[in-house]
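Written out below as structure tokens is the structure these notes cover.
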Amino acid sequence: MVDNLMLQQLHGAAPAEQKVVRARCSQDACRHEWIAAHLPMPLEKAAMLMQRAACPKCADDRPVVAHG
Ligand SMILES: [Zn+2]
């Protein structure tokens, strides 16, 4: 699911347009939202960022990817 979202965003991005991939904390008590990656970015690097993403507020390491 993350890969499909990445591909959609990479293909849909206009050359000069800056897009972001947002991550949202999966903890109900936190729900912090932050920018996990800026697009366009090579897919494997964006995937690496998403795998390493952890909530900067509560350190939860299972963030939910949201549209930017
Ligand atoms: Zn959190």
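Derivation of every value follows stated rules applied to the coordinates shown; laboratory data play no part. Quick caveat: nothing in here was measured; it's all calculated off a predicted structure. Here the Cβ positions follow ideal geometry from the backbone for every residue, glycine too, while neighbour counts run over all protein chains shown.
Peptides 35-43, 56-64 ranked from most to least packed, by the mean per-residue count of other Cβ atoms within 10 Å: 35-43, 56-64. Label-to-label distance for residue 24 and residue 45 is 2.8 nm, based on points extended 7 Å past Cα in the beta-carbon direction.
Full extension of the chain between residue 35 and residue 61 yields a length gain of 7.9 nm, computed as 0.36 nm times the residue separation minus the alpha carbon distance.
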